[in-house]
Amino acid sequence: MSTFGKSSAPAKGKSDRSLPLSERVGTVEEARAFLDANPHINYFEILFTSMTGVPRGKRLRRHELLPIYEYGRFLPGSILVVDTLGADCEDTGLVWEDGDADRVARPVPGTLVPAPWLGDDVGQVMLSLYELDGTPNDLDPRHVLQRVLDRYKADGLTPVVACELEYYLVDIERGHKGELLPATGFNTGENPKGIQVYGLPEIEAHGAFFRQLWETADAQNIPLEGAISEFAPGQVELTLKHKPDALRAADDAVMYKRLAKGVALSLGIEATFMAKPWSDRAGSGFHVHISVADKDGNNLCASEDPQGSKLLHNMIGGMKDHLADVMGILAPGANSYKRFKANSYAPVGLTWGVNNRTVSLRVTAGPAHTRHVEHRVAGADANPYLVLAAILACAHHGITHKTNPGPAVIGNGYAVAAESGATLPTNWFAAVDYLDKSKVLRDYLGDRFIDMYVKVKRTEQARFFEEITELDYDWYLRNA
């Protein structure tokens with residue numbers, strides 16, 4: 001596996017300051033080289049990703065950057081378990097009982113980059129959290145993913161992944177009735193109408209956005225590929241290139257979501273990764289393409305058979321068997337579950353197939369050496385680190401237990417799921433309960449992580465359903 005995305009954690013049991021300079025000179029030299037090459041950058045945003053997947057951090061001045069690489073930055077551990085809105089989740093025990101104690105944040109190699117949408121004088125760097133003795137914090141989503149990757153490494157295997165995200169471009173201003181509107185075209189002055197899937201005029205209408213998006217992705221070393229107009233007005237999809245480094249692929253996805261939002265705002269529109277912005281239009285998915293390589297880089301999923309190799313079948317079997325268990329991660333919020341509807345390109349069943357977009361797990365078409373599976377269940381609102389950790393955990397369990405996925409679905413996967421009753425849990429509360437009880441996910445992601453994640457989600461559930469909305473009045477004010 002490439003070392004490009006590995007953490008720069010100090011050795012277990014050592015404090016960061018006790019490390020000799022030779023063991024931390026790499027990252028210090030990275031920072032010095034960046035500062036020398038970019039004398040015009042005076043401000044840096046440092047960011048980490050909490051359980052909910054929302055990047056949070058600080059903006060620092062230029063002279064504050066180098067000390068982060070030398071000694072780290074101290075941040076409260078409770079920030080990893082805040083809810084989606086950034087509020088404390090007291091049930092985790094990491095607020096008052098813990099004294100809101102600090103952990104140390106360290107920079108992620110390769111993520112010190114310019115942030116052009118914020119101005120020519122702004123850069124950014126991603127962080128991971130560690131305990132004060134240097135051990136990885138087991139609630140940091142990057143370390144949760146690394147824990148799963150270590151299981152592959154122990155077996156001489158390397159996951160190769162690509163992230164594919166759908167999202168909407170929308171106007172900042174709402175309509176006269178307060179409704180959300182697809183972004184006005186820069187070259188037309190009009191809001192898009194109709195589906196126009198793969199429509200070129202729809203991409204051209206936002207050419208300035210895509211041009212700046214690709215330029216910024218290149219500046220941040222994010223391998224962003226082509227754009228298409230998706231299955232609703234204002235919806236687009238771009239893919240990140242396959243990587244034999246799942247941790248770096250997740251870093252790329254987090255950075256990409258952030259830059260897409262930033263570039264959009266700089267041009268007067270918004271990019272939203274909300275799973276279901278409109279009830280009558282397509283939801284936005286987060287599709288993950290996965291294969292597994294051996295120590296020599298050979299694709300172990302490759303086969304002349306369109307269904308793929310035996311190992312690929314085992315991977316699919318593991319992912320299919322535990323799909324209900326991971327729904328609480330793949331669909332992390334109340335809105336997430338509004339995306340799952342039959343005949344909507346969002347899967348609803350425990351199904352797999354070949355060259356078939358009506359199933360949850362699709363073996364893609366293409367040459368034999370490219371054979372892999374596309375996991376189509378996660379929403380664009382999910383945390384990339386945790387999505388990859390959960391999916392890869394299930395795939396590894398399938399490989400090691402030689403799980404049989406059963407026959408591939410032929411034809412309409414939605415109809416097969418409905419007829420068989422093998423459907424996904426599409427209720428937020430039920431999904432979190434499935435995750436809480438999953439022995440497999442606890443084994444791979446850690447008991448403490450699952451306990452804390454479940455507490456955060458149950459806190460969010462309570463807070464979300466305490467709110468009285470316009471829909472409550474419309475349905476019940478006169479009809480109760």
T188 and A368 label points (each 7 Å along its Cα→Cβ direction) are spaced in nm at 4.5
Checked segment 387-480 against the a/c 1.5 cut and the a/b vs b/c comparison, axes a ≥ b ≥ c from its Cα gyration tensor; verdict oblate
Taking Lys and Arg as +1 and Asp and Glu as -1, residues besides F231 with C-beta under 11 Å from its C-beta add up to -1
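Tell me what the chain gives for mean residue ellipticity at 222 nm when only DSSP H runs of n ≥ 4 count, each as -39,500 (n - 2.57), the sum divided by the residue total, rounded to 500 deg cm²/dmol. Don't jump to the answer; show the numbers that get you there.
Values: 14 runs with 163 residues, N = 480.
Value at 222 nm, helices only: -10500 deg cm²/dmol.
If r is the Cβ-Cβ distance from E467 to L66 and R0 is 51 Å, what FRET efficiency results, to the nearest 0.05? List each step's numbers first, then the result.
Values: r = 45 Å, r/R0 = 0.87.
So, using R0 = 51 Å, E works out to roughly 0.70.
Going through segment 44-123, which chymotrypsin sites (Phe, Trp or Tyr not before Pro) have at most 13 other Cβ atoms within 10 Å and a DSSP loop state? Before the final figure, lay out each step's value.
Details: sites: F44, F48, Y69, Y71, F74, W96, W117; in loops: W96.
Filter output for segment 44-123: W96.
Classify segment 341-411 as rounded, prolate or oblate from the Cα gyration tensor: take a ≥ b ≥ c as the square roots of its eigenvalues, call it rounded if a/c is under 1.5, otherwise prolate when a/b beats b/c and oblate if not. Show your work: numbers first, answer last.
Numbers: a/c = 1.41, a/b = 1.02, b/c = 1.38.
Rounded.
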A chain fully extended from V28 to E419 at 0.36 nm per residue, minus the present Cα-Cα distance, gains in nm 134.9 nm
Rounded to one decimal in nm, the spacing of the 7 Å Cα→Cβ label points at A208 and R59 is 2.3
In debye to the nearest 20, the charge dipole size for segment 18-110, taken about the Cα centre with +1 at each Lys and Arg Cβ and -1 at each Asp and Glu Cβ, equals 520
So, over other residues within a Cβ distance under 13 Å of N38, counting Lys, Arg +1 and Asp, Glu -1, the net charge is -2
Reported to the nearest 10 Å², R357 has, with a 1.4 Å probe, an accessible area equal to 120
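Is any helix in the chain, taking whole DSSP H runs, at least 24 angstrom long along its axis by alpha carbon and on average at least 0.0 on the Kyte-Doolittle scale, and which ones? Don't skip to the answer; put the middle values down first.
On the way: long enough: 246-266 (30 Å, 0.30); 384-401 (25 Å, 1.15); 447-466 (29 Å, -0.79).
Counting only whole DSSP H runs, the qualifying helices are 246-266, 384-401.
What dipole magnitude, in Debye to the nearest 20, does segment 139-229 give about its Cα centre under +1 on Lys/Arg Cβ and -1 on Asp/Glu Cβ?
Charge dipole of segment 139-229: 300 debye, to the nearest 20.
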Row for segment 236-380, column shape: gyration tensor on C-alpha, a ≥ b ≥ c, rounded if a/c < 1.5 i.e. under 1.5, prolate if a/b over b/c, else oblate; value oblate
Carbon/sulfur accessible area of the chain, % of total, 1.4 Å probe, equals 52
When the charge dipole of the chain is computed with +1 on Lys and Arg Cβ and -1 on Asp and Glu Cβ about the Cα centre, the Cα farthest towards its positive end, among L118, A393, I79, belongs to A393
Note to self: with every protein chain in place and a 1.4 Å probe, the chain gives an accessible area per residue in Å² of 43
Kirkwood Rh over alpha-carbon pairs of the chain plugged into Stokes-Einstein at 37 °C, 0.692 mPa s gives a D in µm²/s of 141
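The values are calculated or read from the model by the stated rules, or taken from the named source; none is laboratory data. Treat the numbers as computed from the prediction; the structure is a model and nothing was measured. All Cβ positions, glycine included, derive from the backbone under ideal geometry; neighbour counts span all protein chains shown. Ligands, DNA and RNA are stripped out before the accessible areas are found, and what is left, the full protein with its side chains, is counted by its heavy atoms. Shrake-Rupley method; radii C 1.70, N 1.55, O 1.52, S 1.80 Å.
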